[in-house]
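Taken together, the values in this text are just the output of simple stated rules run on the coordinates, not laboratory data. Computed from a prediction, not measured in an experiment: that's the story for all the values here. Every residue, glycine among them, receives a Cβ derived from its backbone with ideal geometry; neighbour counts consider all protein chains shown.
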Amino acid sequence: MEEGNNTNNTNNTNNANMSSNSTPLNPAEAAAQALTAASDTADGTGAGGSAGAGGGIGGNAAGGSDGGRTGGNGSGRKKWLISAGAAAAVVVVGGGVMLSHQADPKDTVIDAFKSITAEGQLNPSEEIFGTKELEKLLQKGSAQTGMELSMTGISDESLNQMSGAGIGLDVKRDVDSGRQLLNLSLQYGGGELADAQLYMDDTQIMAAIPALSSRMFTLDYVNDLEGQLINSPYAAQKLEEQGIDIEGLANYLGQYKGALSDEEPMMDLKALWNRYKEGSKAIDDLKTAMTVTKNDKKEFTIDGQSENCRGYHVTLPKDALIRFAKTTREFFLNDETLKQDVVRYLELAGDASSIYAADGEGESVDPEEQQKELWAQAEAVLDNLVEEMENTIGDVTMDVYVRKDGKMAGFSYETDATVDEENVRLYGDVSFGGGYNMLSNVNGALNIEDSDGQIITVSLDKTGAYEAGKSWSGQVIATLEGDEEKYQFILDGDYQIADGSYELKLDLQSNGASQASITANGAVSELSKGESVHIDMDSLRMETTLLNGSISYVELAGSYYVNPLEDEIAQPDGVPFDVLASSEEDYNQVTTEMTGNLFAILLKVMS
């Protein structure tokens, strides 16, 4: 009896400890305790054995010793007790694992919003054309790009003689040699009317207009430009007559060249945004302040299938939104890199303005002082904005729905605001219908309701479909609708991958009637993904009824291309004409030549 009592006391103590311990068990601890309990029960050291030893539950009430044997050595019960204990362990372990992996509702909601613009989603333009590589080629590689556009028709018959008139533009760049060339051409009457070339390398700028002059105009902008300007026999005089300071011009050109040659952009907005995300606590503080509770589920149609999505009710308190705005304001006002970028920009702008400081008027302002003044003004504006927020906005509530895979299914939102002492209710919803990426099929609306119940609705409906190797199509409808007026922006597009044909249409409507539209069709005639593309445009038609009530239109045709540089960039042809070293007599000769040729071109156009 004494031993049985001790065992009971021990078990009671353990049970009390387990009941009073508020720390959740991890899966390993839960498994260990469950298995230990199963083993103790089977061996009779648990509740059955101790009760039996005392003639209680586990044994014979009339004979304690028999009860001890029954409770402690009952081989008929041992097997199923072990099985029951093992099953209990599995349940506890499984439940512990589930609890340990259950996401914080806040993280679930935030991750759902992140999924909307998450990286790695399929992008048809990238998959078809290799747009990232093409963009990289244009920005940093040796490349050439160009376009042509000519008029093929017009509704105004008095302008029919303009049919065939057009423009061409080609740009070439060689990163190895530092050479760049821009060629501009004008067409009229089915032929070329005139062309011009602008060339630039590491030391010189050259320009030529063969239709107007046989000269090729040159400027050495590296070797003692200030000295060239000061010693110029004619150009310096004319520049000074126009109020241009020669020294200021030379300084500005040097600064501008340095800015162009820098690898880092003057205003890197992407880097600024990354610094904000990594260095500011605004987003983390907003996450801490918002409340998220589970809500009823809701059905959404995703990829054509109905899915019952988890619901969460989210509240963003007004005070938290105000703190978010203030913290964000403090970050941007105190970001040193942004300050330095602005100072650098102001220095360049100051050098440009100094070009016209020859008359001595005006006072030079230190760029750092200018930056401080701008920051003071910006701080005042932001303070006013925060004050307006404090006086107008309320808490923002949202119902967010999350798919089984954790992605956003949709959300609704609502808040109240005070505008000009009038209470305004803002509410709406957004849903994501699946597709080739999160933004391929989206419906969203914002409703603005005043105290009289009048509602203005802004909505966006976007649909898209992509079948690899076959087609890519989509439509975007943006709508602004009030009690009596409805305006729509409708964009339709279709691209057939097999033959490269495409159709685009942009339509601006008022109350269902088209006011203006742009349509285009043609084909991608050449394509090497990420390397080159050539797009032919058979028709670009712009029409409107806004001019005189009837349809007015103009129709164009053209092409656009991008590809790696194919040929060596050569300097323009012509007799060299140094714009700084040339005399007044040289300039007079060129002026006479250009005037005569211009007159001949005008006669050709008018005939």
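Among residues other than Ala165 whose Cβ falls under 13 Å from its Cβ, what is the net charge (Lys/Arg +1, Asp/Glu -1)? Let's see the in-between values first.
On the way: positive: Lys604; negative: Glu148, Glu192, Glu555.
Every neighbour counted, the sum reads -2.
Where does the Debye-calculated log10 I(q)/I(0) of segment 472-596 sit at q = 0.20, 0.23 Å⁻¹, using only Cα point scatterers of equal weight, no solvent?
Values, matching the q order: -1.15, -1.31.
Quick one: of Lys114/Lys294; Lys462/Lys529; Lys172/Lys529; Lys270/Lys462; Lys172/Lys470; Lys140/Lys270, which pairs are farther than 23 Å apart, Cα to Cα?
Working: Lys114/Lys294 19 Å; Lys462/Lys529 27 Å; Lys172/Lys529 20 Å; Lys270/Lys462 27 Å; Lys172/Lys470 33 Å; Lys140/Lys270 18 Å.
Beyond 23 Å: Lys462/Lys529; Lys270/Lys462; Lys172/Lys470.
Report the calculated FRET efficiency for Leu439 and Leu186 (r = Cβ-Cβ distance, R0 = 51 Å), to the nearest 0.05. Kindly include the intermediate steps, with their values, before the conclusion.
Details: r = 41 Å, r/R0 = 0.81.
Once rounded, the FRET efficiency stands at 0.80.
Going by how many other beta carbons lie within 10 Å of each one, how would you line up Leu239, Leu439, fewest first? Before the final figure, lay out each step's value.
Details: Leu239 18, Leu439 13.
Neighbour counts put them in this order, fewest first: Leu439, Leu239.
Report ³J(HN,Hα) in whole Hz for each residue of segment 112-129, in order, from the Karplus equation J = 6.51 cos²θ - 1.76 cosθ + 1.60 where θ = phi - 60°; Gly and Pro get x.
Taking θ as phi minus 60°, the curve returns 5, 5, 5, 5, 4, 10, 4, 5, x, 6, 5, 10, x, 5, 6, 5, 7, 9 Hz for segment 112-129.
Once fully extended, how much extra length lies between Ser158 and Asn511, figured as 0.36 nm per residue of separation less the alpha-carbon to alpha-carbon distance? Don't jump to the answer; show the numbers that get you there.
Numbers: separation 353, 0.36 × 353 = 127.08 nm, distance 3.27 nm.
Length gained, Ser158 through Asn511: 123.8 nm.
Show the residues, 5+ positions off or on another chain, whose built amide H is closer than 5 Å to the amide H of Gly394.
Asp416
What FRET efficiency comes out for Ala600 versus Ala196 if R0 is 22 angstrom and r is the Cβ-Cβ distance? Round to the nearest 0.05. Mind dumping the intermediate values first?
Working: r = 16 Å, r/R0 = 0.75.
It comes to 0.85.
Sum up the charges of everything whose Cβ sits under 11 Å from the Cβ of Leu385, counting Lys and Arg as +1 and Asp and Glu as -1, but leave Leu385 out.
Values: positive: Lys326, Arg329; negative: Glu379, Asp383, Glu387, Glu388, Glu390.
Result for the local shell: -3.
Grab the beta carbon distance between Leu547 and Ser471, set R0 = 45 Å, and tell me the FRET efficiency rounded to 0.05.
Values: r = 36 Å, r/R0 = 0.81.
After rounding to 0.05, the efficiency reads 0.80.
In a shell of Cβ-Cβ distance under 10 Å around Asn443, excluding Asn443 itself, what net charge do Lys and Arg (+1) and Asp and Glu (-1) give?
Residues near Asn443 contribute -1 overall.
Run the quick spin-label model on Val386 and Asn334: label points 7 Å from Cα toward the beta carbon, then report their separation in nm to one decimal.
Output for this residue pair reads 1.1 nm.
Got a sec? How would Asp494, Asp224 order by Cβ neighbour count within 10 Å, fewest to most? Don't jump to the answer; show the numbers that get you there.
On the way: Asp494 16, Asp224 11.
With the fewest neighbours first, Asp494, Asp224 line up as Asp224, Asp494.
With a point put 7 Å past each Cα toward its Cβ, work out how far Thr291 is from Gln571 in nm, to one decimal.
7.6
Going by how many other beta carbons lie within 10 Å of each one, how would you line up Glu414, Glu388, Glu278, fewest first?
On the way: Glu414 16, Glu388 12, Glu278 7.
Going from least to most buried by this count: Glu278, Glu388, Glu414.
What nm distance separates the two modelled labels at Glu240 and Ala271, each placed 7 Å from Cα along Cα→Cβ?
About 4.2 nm separates the two model spin labels.
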